Amino acid sequence: MGSIYALLVGVDDYPPRTVPPLRGCLNDIAEARRLLGERAGDDIDVRVLLDHEATRDAVEDAFRNHLGRAGAGDTALFWFSGHGTQSLATEEAHLRIEATGRNQAIVCVDGPLLDKRLGGLLDEVAVGGAHVAAVLDCCFSGGATRGDGLTARYAPPAPEWDLNGLGGGHAALRDASAADGQSTRRHVLLAAARLNQYSYEGDYGGRLHGAFTHALLGAVRDAGPEASYRELLAAADARLQRSRGQQQPVLYPAEHGGIADAPFLGGATARPPTPHLLRFGVRGWEVDCGAVHGLAEGSDLPSAEFTVVPDGGTDHVPLPAPALRALEVHTAHTVVEPVGWAPVPTRVYPVALSALPQPPATVSLPETGPGGRLREAVRDAVAASPLLRALDDPQEAADLHFRLQVEGEQVHVLRRDGTPFTGPLPLRTPEDARQVADCLTHLARWHQIRDLTPGPSPLDGLVRVEISPWDAPDDQPLTPDGSGEIVCSYATGPAGLQEPRVSIRLHNRSADRTLWCVLIDLTDSYASHTALYPGHFIGPGRTGYALDGDPVQLSLPPTRPAVPGASARDWLKLIVTESELNTAPYRLDAWDPDPRTSRVMGRVTGPRGRWTTRTIPLRTVVPTDRGA
């Protein structure tokens with residue numbers, strides 16, 4: 001681990017004629033500095049700007065001349081405690097990335113520093129190879145001081161503040177994702193509240209602090225050095241909710257397997273990311289896996305079960321299996337009961353689904369012919385997957401059913417009608433048998449995500465998805481053909497075949513509901529990712545743009561030649577809820593027959609509730625010589 005460069009900025013003493021003063025921000029900075037000294041010792045270089053020192057120019061200069069010194073292997077941390085502000089977004093470029101319809105900014109002592117400008121400053125530091133993190137304890141939306149002994153860290157925008165400026169041409173806080181579905185974001189943000197919430201400060205043991213700062217510092221002190229940003233944010237959130245906090249902290253970007261799963265401040269080697277986290281919340285122990293991820297509510301079947309991931313904060317103490325049993329399933333989380341062990345209430349534990357009362361897919365294996373020993377190995381591997389159930393009676397087959405046909409040293413994975421799901425897989429060793437089970441589990445997960453359809457919901461029809469050619473007006477979206485698919489064709493030009501480019505928009509047609517949306521792209525290579533629209537709130541009457549308004553380029557997979565008549569299919573899956581979801585269960589790499597470690601996250605099916613889905617089939621084609 002290299003050096004840590006920290007820029008800590010706190011403002012209590014705002015000009016009273018501009019914004020109301022605060023009382024806990026300097027305490028936040030002092031406590032954050034003490035924590036950094038505990039964690040890093042002499043390997044930390046801290047620059048502190050307090051009250052009148054914390055001007056916009058001074059903050060930007062400290063980014064360039066202090067945090068900018070961090071290089072490859074180093075860590076750069078920006079911590080801000082103070083007011084936040086917002087205003088209606090009017091610039092078209094902002095409206096494409098601000099689906100709430102508002103711009104946000106942190107408030108330095110002499111005025112606002114736009115979040116898009118701040119995002120650009122953070123990414124400029126990251127260009128040198130440093131690990132870059134930001135902690136912002138301020139409001140990101142409108143509000144006022146409330147009761148209950150809490151003060152909102154919100155400053156109404158002064159008339160002379162321009163929050164619609166383009167931030168000096170710097171990259172937006174939410175920059176575009178790469179075409180392969182992997183995030184290109186270069187910094188991680190821990191924010192005190194949603195974009196439409198206040199952030200508060202209050203009295204904690206006779207000392208004023210930001211509620212989020214107090215919770216986050218406590219979570220860091222209780223966690224081990226390998227804890228990730230995702231785990232720390234979950235622990236801080238649980239502390240806030242247990243204290244009846246009025247804000248919901250946010251991790252950004254939250255994509256599974258990205259920088260959010262790196263160790264805090266670039267510490268010890270990161271654990272492989274896990275799909276779910278266990279924490280002690282308001283209702284007791286809870287896992288961030290709920291009905292929208294596939295656990296059935298109100299079922300008379302036995303409950304789902306979870307295991308704690310090895311080295312997942314249990315100090316290497318062996319745990320029973322299962323370690324957790326589901327008690328009460330909610331939309332986005334499940335209340336669980338520890339079985340034979342006592343978790344520490346201030347810690348967060350990575351967990352994985354280990355059993356479902358009714359697996360979503362069934363598998364039939366031939367009972368006669370050569371390879372009996374290996375068939376039994378396949379059966380054992382299938383039995384170990386929570387998504388699969390081996391069948392002896394074909395009459396008990398589930399809606400999603402796999403037929404395995406063994407021919408020599410190969411096994412074919414077939415549909416009910418005998419057509420193959422994939423190419424043949426080798427079956428020569430017990431390791432091959434486990435790979436067959438991995439393939440079946442992957443296919444089961446992919447199909448259940450694609451086919452997710454809850455019962456009737458009050459959110460049905462509130463969000464519309466539109467797809468238009470990139471060079472066409474927004475009011476001319478593409479419509480499905482007779483088969484129900486939206487078809488996008490390659491074009492032939494002077495440079496040869498050109499991939500189609502489209503604009504994808506999500507319209508919230510509600511008059512009064514701010515809705516959280518994620519758009520999943522499922523491909524015919526059995527991949528699933530959320531890079532197009534990884535999960536954001538969209539305000540009433542507002543529009544969210546895939547890739548923040550950049551063109552979405554469609555193409556055939558690299559292994560599929562772009563010859564006349566060739567095609568590829570995608571299914572765009574929209575999920576709409578009233579609050580954020582854990583999106584890790586919706587991510588799958590394309591199926592690869594090479595052996596690999598794969599974590600899949602559980603059944604997807606849905607009860608009625610305040611969430612809904614929509615599926616948009618999309619086909620990309622290379623026209624034939626006749627232009628069909």
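The values are calculated or read from the model by the stated rules, or taken from the named source; none is laboratory data. Keep in mind the model is a prediction, meaning the values are calculated, not measured. Reconstructed Cβ throughout: ideal geometry from the backbone, glycine too, with neighbour counts over all protein chains shown. Ligands, DNA and RNA are stripped out before the accessible areas are found, and what is left, the full protein with its side chains, is counted by its heavy atoms. Shrake-Rupley method; radii C 1.70, N 1.55, O 1.52, S 1.80 Å.
A few notes on this one:
- Scanning region 537-590 for residues that are open to solvent by 10 Å² or more (accessible area, probe 1.4 Å), basic (Lys, Arg) and in contact (Cβ under 8 Å) with a residue 40 or more places away in the chain yields 542, 569, 587.
- The one condition in (1) free of Cβ contacts under 8 Å to residues at least 24 places away in the same chain; (2) farther than 25 Å from residue 522 by Cβ; (3) open to solvent by less than 30 Å² (accessible area, probe 1.4 Å) that residue 414 fails to fulfil: (2)
- Hits in region 487-532 - residues which are over 30 Å from residue 447 (Cβ atoms), assigned to a strand (DSSP E or B) and open to solvent by 30 Å² or more (accessible area, probe 1.4 Å): 491, 492, 497, 498
- Any hit, region 451-470, residues being of a type outside the set (Lys, Arg), over 29 Å from residue 578 (Cα atoms) and surrounded by fewer than 14 Cβ atoms within 10 Å (Cβ to Cβ): yes
- Within region 192-218, the set of residues being assigned to a helix (DSSP H, G or I) and buried (at least 23 other Cβ atoms within 10 Å of the Cβ) comprises 211, 212, 213, 214, 215, 216.
- Test: residue 363 is open to solvent by less than 60 Å² (accessible area, probe 1.4 Å), farther than 28 Å from residue 519 by Cβ, modelled with pLDDT under 90 and touching a helix residue (DSSP H, G or I) at 6+ places or on another chain (Cβ under 7 Å): no
- Residue check for residue 423: assigned to a loop (DSSP other than H, G, I, E, B), in contact (Cβ under 8 Å) with a residue 24 or more places away in the chain and open to solvent by less than 50 Å² (accessible area, probe 1.4 Å): yes
- Here residue 416 does not fit the description of being assigned to a strand (DSSP E or B) and within 36 Å of the chain's Cα centre (by Cα).
- Residues of region 458-486 classified as closer than 16 Å to residue 552 by Cβ and outside any loop (DSSP other than H, G, I, E, B), total: 6
Let's see how each residue does on (1) modelled with pLDDT under 95; (2) out of contact with any Lys or Arg (no Cβ under 9 Å at 6 or more places or on another chain); (3) surrounded by 16 or more Cβ atoms within 10 Å (Cβ to Cβ):
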residue	(1), (2), (3)
16	yes, yes, no
25	no, no, yes
57	no, yes, no
62	no, no, yes
73	yes, yes, no
80	no, yes, yes
95	yes, no, yes
99	yes, no, yes
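- Region 344-360, residues that are in a strand (DSSP E or B), over 28 Å from residue 240 (Cβ atoms) and either open to solvent by 50 Å² or more (accessible area, probe 1.4 Å) or in contact with a Cys (Cβ under 9 Å, 6 or more places away or on another chain) (or both): none
- Residue in region 82-93 that is modelled with the highest pLDDT, counting only those that are surrounded by fewer than 24 Cβ atoms within 10 Å (Cβ to Cβ) and not aliphatic (A, V, I, L, M): 87
- Qualifying residue in region 402-419 (condition: within 24 Å of residue 295 (Cα to Cα) and at pLDDT 90 or above): yes
- Residues that are open to solvent by 40 Å² or more (accessible area, probe 1.4 Å) and under 25 Å from residue 353 (Cα atoms), drawn from region 393-402: 396, 399
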